[in-house]
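Here's the structure, in structure tokens; my notes come after.
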Amino acid sequence: MATETIERKTLGKVRPHQTQNEGLVFEKSSPGKKAYKLPPLDVPAVDVASALGAAHRQEPAALPELSEIEIIRHFTRLSTWNYAIDLGMYPLGSCTMKYNPRVNEFVARIEGLAEAHPYRPEAQAQGILEVIDLLQKCLIEITGMDTITLQPAAGAHGEFTGILLARAWHESQGNPRKKILIPDSAHGTNPATAAICGYQVENLKSNAEGGIDLEALERQVDEETAALMLTNPSTIGVFESQIHRIADILHAKGALLYMDGANMNALVGKARPGDFGVDVMHLNLHKTFSTPHGGGGPGSGPVACKKFLEPFLPTPVLYTKEDGTKHWDYNRPQSVGRVRAFYGNTGMFIRALAYILANGPDGLRQTTEDAVLNANYVRKKLEDLYELPYKTPSMHEVVFSDKRQAAKGIKTGDIAKRLIDYGFHPYTVSFPLIVPGALMIEPTESESREELDLFIDAMRSIAKEVEESPELVKSAPHSTRVSRLDEVTAARKPVLRWRA
Amino acid sequence: MRYLPKSDAERAAMLAEIGARSINDLFSVIPEEYRVRRDLDVPRQQAESEIISYFKAAGQKNATDYASFLGAGAYRHYRPVIIDSLVQRGEFLTSYTPYQAEITQGTLQAIFEFQTMIAELTGMDVANASMYDGSTGAAEAVLMAMRVTGRQKAVIARTVHPEYREVIATYLKHRDLPTSEVGYLSATGRVDLEALEAVVTDETACVLIQSPNFFGVIEDIPAIAEIAHKKGALLAVSIAEAVSLGVVRPPVEADIVSMEAQSFGVALSYGGPFCGVIAAKEQYLRQMPGRLAGQTVDADGNRGFVLTLSTREQHIRREKATSNICTNQALVALMATIFLTVYGKEGMRELAEQNLAKAHYASKTFSSMSGVTQLFTESPRFHEFVLQTDEAPAMWQKRLLEEKIVGGVELCRWYPELENATLWCATEVMPREVMDAAAKVLAAGLVEA
């Protein structure tokens, strides 16, 4: 009987397993419990009230009071409620959820690196400066660009920096120009970035293949166009084969080609943006270069560019003296200024360099090839059941639509939720916007054939369920701690903090 | 390559199933002339042991065994061991942004707890899930105030961290109205209130100050709030040293608080990743940048958490979003949450009091040496202080380095008027012997001179 029950519950690669209930940390608190012990003070205590006067805090913040074991259990229990790459395939398109090597974490915590204060004298910081220098050189080689800044803290911050570089260059030519062209397939960060940099956003409609419409581009580019923000491969996973024509059209009008490097995992070791006409681009170290997503960050968004944009890079810029020592150059009169305090998310630089060293040139190329192989394999195995809106060859990700399933009343979001019951994280839902009901799947190189086959089986099984028992899909997930959450109420009456 | 889970035979079989003759078939869409046909010029593939040796050597070159009085926006505090034990759990480390709420309740509840703790500490109603760092957070706070007020001009105190001010200048460069700076009084190191009153107008969106400010001095927040509010401007307060909130009164008169939470258990790591956060009065919620976790219920009435109010954000609102921020500092915010849980209500006060005591001892000991004067002594301070020396800092810095001690940061690079002045910091991890030794070195030069 018991065996039967278990078997009935097994689905795909998972079987339900208990998780512990756990309240909010504040609900577990009781006065007088402690998880800390400070060493005895080796200097005289200070009368705080008289030292601070009116600035003295009278009422301590209502922070929780717990013992150490309770804290360990609290956060461990919470952690078991999460899906993670370490548990299985995470096919989020555009997000590049690849394996996060543990040696990266180990080396980022080496004392001399983790404990380095940003204002320590440069003579005492040569080790970390050499790490930064080597990473810069590697990324310049990988992108085929001339120079780089590692200062931006994430991809969107890199976009901001890159568009500021473009703006500064146009200003140096006498006119900052007015607009940025953005394809309708672009990430939401692109238009948001252009707006923050003081530009009007002009939408560029995709052609029938989901790529850039060269005629439309030619019509829309004029002397007031500062740049085109292009994702290549595009968000439907397609390489812009006319990329050099795109660059030529822009350059003929003095406009620049900005590349959103979110999809660089399709190109490393196989093609270099610097070779195909890109003037400025950002990278996401937390996508292509394996630094962990950590539940939403930290990221790192280096910006690489051509020589003519170098004078405008954010301050400070790293340089090497004749004696081989590394230093920061703060005297950059044409710089766009700083985009972040200190030098960037240095801890992420260490991790990304560890990844590059672990791969070498052969590993980087093989990684890209496997990423593209995996996406094409998934495409091949699912294209009979799911609508492929663009038949153009796929690179590292494949985008289906829910057209056939929607006819049965099942949307991409429902299929995504059902995928959870099969033991997978959903793919990216309803993006890019040019594909109605998009299922955007990026397996990355980190998936074995076995895991891919399980994913394919799950997707095929769901397609069958859509035909035979659509309610099962519509009300998914059925195996999670919580069922679908009421997002409408959450937004209408926001409860954003606990109160006693 | 050891991270890739495929044998060559499996690759060949998969290619056959796809119907491709070779892997390069799958790249044929890339025009011939742009295909890389050589090995990239990066170091060769290395064993794990080689990678560790490389970074250990780099760490050693960084001179690890120095004591340091550096602060200035990046603070050395003790980091409880369980922070790294917990954040290295793969379920936190290797999870994405929690858009799929049913399988990311762990991250979502932790963010909700973080938001609550930050709101409690800062005296604000709500806090977001994090920003990149204190500098970009301060810039976003100014932009938020501009959206709330519909005004285009900011007034920024010169006592705000100089690098934060540089970042704000970059963010505001393309605005219609220029940003004004307001100076400090040389006796107190605090914002010059008369000058502030003169510069705040009906066009001012916000006054941005920092407290404790860059000199470690605690600003008179009620007085500054009154000046700002009188003209309908908001008060935005930047906090670079979050541990101060254990003993320093929170800026309850502020409308927006932008805080750098690095002090809550985050390694210095040569300046990042750190953890910014924006907190505010509830009425400004809809103009807040960044992600927010909110409480709700599932279909069975169970409590659960979701990312909410996303119509403010770029993935929905595109060019009309409150900010272009997407990726934030989630894992670092988790470190801060664990740190705050470890210290708790009593521990935060006790920790902050130890910092206060160490800095008082250090400033008293140093300034009792002849040729060393402490500046801004009239004002309350937290754990940083400014010293002015008769001798040029380069002289005694050199002697300190010989004793394996890094002294304070020179201020004249940002404040030319503060000649021979340096900013020092002493936290709870600074031993008394090091302070005594540093004082002797400071005094030694004068004997020789």
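The values are calculated or read from the model by the stated rules, or taken from the named source; none is laboratory data. Worth saying up front: this structure is predicted, and the values here are computed from it rather than measured. Neighbour counts are summed over all protein chains in view; Cβ atoms, including those assigned to glycine, are modelled from backbone coordinates with ideal geometry.
Quick notes on this structure:
- Single residue of the range A:310-350 satisfying the filter (closer than 22 Å to A:LEU134 by Cβ, buried (at least 22 other Cβ atoms within 10 Å of the Cβ) and of a type in the set (A, V, I, L, M)) that is farthest from the other protein chains (Cβ to nearest Cβ): A:LEU313
- Residue count for the range B:60-75 under the criterion of being surrounded by fewer than 22 Cβ atoms within 10 Å (Cβ to Cβ) and within 23 Å of A:ASN104 (Cα to Cα): the result is 4.
- Residue count for the range A:36-85, restricted to those that are part of a loop (DSSP other than H, G, I, E, B), within 7 Å of chain B (Cβ to nearest Cβ) and hydroxyl-bearing (Ser, Thr, Tyr): 3
Residues are listed down the side, and each one gets a yes or a no for (1) facing another protein chain (nearest Cβ under 7 Å); (2) in contact with a His (Cβ under 6 Å, 6 or more places away or on another chain):
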| position | (1), (2) |
| --- | --- |
| B:PHE55 | yes, no |
| B:LYS61 | yes, no |
| B:ALA72 | yes, no |
| B:ARG79 | no, no |
| B:ARG89 | yes, no |
| B:TYR96 | yes, yes |
| B:TYR99 | no, no |
| B:THR104 | yes, no |
| B:THR107 | yes, no |
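- Taking every residue in the range A:20-45 that is of a type in the set (Phe, Trp, Tyr) and pairing it with any residue that is part of a loop (DSSP other than H, G, I, E, B), at least 6 positions away or on another chain, the pairs with Cβ-Cβ distances below 8 Å are A:PHE26/A:ALA62; A:PHE26/A:PRO64; A:PHE26/A:TRP498; A:PHE26/A:ALA500; A:TYR36/B:PRO80.
- Residue in the range A:87-95 that is surrounded by fewer than 22 Cβ atoms within 10 Å (Cβ to Cβ), closer than 27 Å to A:GLN18 by Cα and modelled with pLDDT of 95 or more present: yes
- Where helices (runs of 4 or more DSSP H) fall entirely within the range A:422-500, those with at least 3 residues that are closer than 30 Å to A:PRO64 by Cα are at A:487-492.
- Unique residue being without any contact (Cβ under 8 Å) to a residue 40 or more places away in the chain and within 22 Å of the chain's Cα centre (by Cα) when the list is B:VAL81, B:VAL87, B:VAL36: B:VAL81
- Taking (1) under 25 Å from B:GLN46 (Cα atoms); (2) outside any helix (DSSP H, G or I); (3) not small (Gly, Ala, Ser) in turn, A:ARG120 satisfies each apart from (1).
- Complete set of residues in the range A:158-217 that are free of Cβ contacts under 8 Å to residues at least 12 places away in the same chain, within 12 Å of chain B (Cβ to nearest Cβ) and assigned to a loop (DSSP other than H, G, I, E, B): A:GLY188
- Scanning the range A:291-342 for residues that are small (Gly, Ala, Ser), part of a loop (DSSP other than H, G, I, E, B) and on the phi < 0 side of the Ramachandran plot turns up A:GLY299, A:SER300, A:GLY301, A:SER335, A:ALA341.
- When A:ILE140 is tested against the conditions (1) surrounded by 24 or more Cβ atoms within 10 Å (Cβ to Cβ); (2) of a type in the set (Val, Ile, Thr); (3) assigned to a helix (DSSP H, G or I); (4) in contact (Cβ under 8 Å) with a residue 60 or more places away in the chain, the lone failure is (1).
- Assessment of the range A:66-80 against the conditions (of a type in the set (Ser, Thr, Tyr) and modelled with pLDDT under 95) yields no matching residue.
- From the options A:SER401, A:SER394, A:SER335, A:SER300, residue that is within 30 Å of A:SER469 (Cα to Cα) and among the small types (Gly, Ala, Ser): A:SER401
- Filtered residues of the range A:148-181 (kept if hydroxyl-bearing (Ser, Thr, Tyr) and more than 23 Å from B:GLU163 (Cα to Cα)): A:SER172
- Verdict on B:THR136 being at pLDDT 95 or above, over 19 Å from the mean Cα position of the chain (by Cα) and either surrounded by fewer than 24 Cβ atoms within 10 Å (Cβ to Cβ) or within 7 Å of chain A (Cβ to nearest Cβ) (or both): no
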